[in-house]
Structures are given as structure tokens and as C-alpha cells.
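Derivation of every value follows stated rules applied to the coordinates shown; laboratory data play no part. Owing to the predicted nature of the structure, the values given are computational and were not obtained by experimental measurement. Every residue, glycine as well, gets a Cβ built from its backbone with ideal geometry; the counts of neighbours run over all protein chains shown.
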Amino acid sequence: MSEWLVLSIAMAAACAVVLTIVVINNRRLPEDDDPSETPDVIEYMTMMIGVIYAIVLGLAIAGVWEARGAAQETVRQEAQAMHEISARAEVYPPAVRDRIRADVDAYVSYVVHDEWTHMSETGELSDEGTALLEKVRRSVTDYQPANDFEGQAYQPLVDQVGVADDARGARGQSAGETMPGVVWFGLIIGALVTVGLIFTLQIRRTGRELLLAGLFSVLIAFLLFLIWDFDAPFGRGISATAAPFLDLFPQITQ
């Protein structure tokens, strides 16, 4: 059973139960019942729906912001790991050291200049980037240390390659949209209900009331846009950046 079917059944069942209870209660009311003696629930319901929707919006914004922060952290970890590989290769012979550093620079340059665009457009990593990282791995693991000093640096280099690979995988998992469709359905329906409840109140055409209604609608639209913009950590305006790579590898911009 799909989640959309479960959602539809749950919503229909909740609505049916509430309406049934209301109808039964109305039939049981005595003929001399005076509804003016009970408070009007419209304003109370409007307030509660607004509060509930505000909580949902806050949780959604916090969720996508946290996802963006996690995506940026994976970029920092990947860049730091590649920097460590380049720096720790200093103990190797010049030919080996230069080959490792050249492979690291090639990978970082491709990530910043090519894969970043590919990732934002398609929501996934590229095969070329994977191949370049594998080339870095081979450059590190295929070399046999010639002495104890090089041997002490070998395992940390291999570990840093593993850290970079793990961070790259996490970056790929964060490349697409993070908000499920069912959540967007709830956010949009909630916005329509919340804004629509304005018309159940005694709103008139005075400038002050029209201004408040307009500002309220604009605020809801802005918050939904903010969630949408944060929803793709690498694909939209306020997104994770490649700044950690550029800070640690300034030579790739030359």
C-alpha cells in the first residue's frame, strides 16, 4: 500500500469521524438550545490551525537547513582529506609525491569546475569524478614504502583516501532534493487552508485589514520559497559551496 493511499484513507477517516460526531451532537440538542450562550469556535480554530501550521513550517525549515549544513560539512571533510593526502605525500620520493599531488589536484579541479555543475543539474555524482578519485587511490596504495619512515606515512594516507571516498558518497546522497513529496503536499495544503481561513473571519476592505491579509500571504509564500530553496543543498541559490576546496587548493583557480 502506497503512502499516498494511506494518507488519503487517514485524512478521509479523520474527517468522517469528526463530521459524524458533529451531526450526532446536533441531532441530540434540545429545541430550546441557545447557541449564543456558547463561544464562537471559528476564531479559536483559526488560531489553532495557524499555530499548528507555524510549527510545521518551523520544523520543515529547520530540517532543510540542517540538511544543508550537513552537506557543507561533507564538502569540508572531503576537501580536508584531499589536502591531507597532498600534504602527507611529502615524505615520499619526488616522483611519487608529484604524481600523487597531480592526481589530487586533477580530482579537486574537476570537482570544483565540472562536477559541481553536473551535481546541481542532475542531483548525482559523475562517473569521471569517481574515476579520478580511484586514480588517487591507486597512486597512494600501489606504492610500496622503501623504509620505515615512508611506511609510517603509508597507512594514514590510505585512511585519508577512505575518508575522502566516504565524504564523497555523502555528498552524492545530499545532491538531490531532501524533502519528501508527502511533506510538500502537507505544506502546500496547509498554506491554502491557513490563508483561506482569513475569509471565514469578518474581514472588510479597509486598508489596514487588506494590508495585513496581504502581508500574511506574502509571509507564507516566502517561507515556502525558503524551504524550497534549501531543499536542494547543492542545486539552488542558498546552497552549499565549494569554498573548502578553493581555500585548501588555491592553485586550481590559476
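Run the numbers on the chain and let me know its relative contact order in percent, using alpha-carbon pairs under 8 Å that are six or more apart.
Computed over the chain, the figure is 31 percent.
The overall shape of segment 118-163 is prolate: from the C-alpha gyration tensor, with semi-axes ordered a ≥ b ≥ c, the ratio a/c is 1.5 or greater and a/b exceeds b/c.
Each residue, GLN152 and GLU124, gets one label point 7 Å from its Cα in the Cβ direction; the gap between the two is 4.5 nm.
Applying both filters, DSSP loop and at most 13 other Cβ atoms within 10 Å, to the GluC sites (Glu not before Pro) of segment 39-127 gives GLU124. Ignoring the sites themselves, the chain has its longest run without trypsin sites (Lys or Arg not before Pro) in a DSSP loop having at most 12 other Cβ atoms within 10 Å at 29-203.
As a proxy for reagent exposure, ranking MET48, MET119, MET82 by other Cβ atoms within 10 Å from fewest up yields MET48, MET119, MET82. In order along segment 168-173, the Karplus-derived 3J(HN,Hα) couplings, from 6.51 cos²θ - 1.76 cosθ + 1.60 at θ = phi - 60°, round to 5, x, 5, 5, x, 5 Hz, and Gly and Pro are given as x. Dividing the mean sequence gap of close Cα pairs (under 8 Å, 6+ apart) by how many residues segment 98-144 holds gives a relative contact order of 49 percent.
Size of the dipole of the chain about the Cα centre, Lys and Arg at +1 and Asp and Glu at -1 on the beta carbon, nothing else charged, in debye to 20?
380 debye
Taking 25 °C and 0.890 mPa s as conditions, the chain diffuses translationally at an estimated 107 µm²/s according to Stokes-Einstein applied to its Kirkwood radius (Cα pairs).
Here the residues LEU226, LEU133, ranked from fewest to most Cβ neighbours within 10 Å of their Cβ, fall in the order LEU226, LEU133.
Here's the picture: charge each Lys and Arg Cβ at +1 and each Asp and Glu Cβ at -1 in the chain, and of LEU57, THR74, SER109 the one pushed furthest to the positive end of that dipole is LEU57. Provide the FRET efficiency to the nearest 0.05 for the GLU66-LEU192 pair, computing r from the beta carbons and using R0 = 22 Å. Rounded to the nearest 0.05, the efficiency is 0.25.
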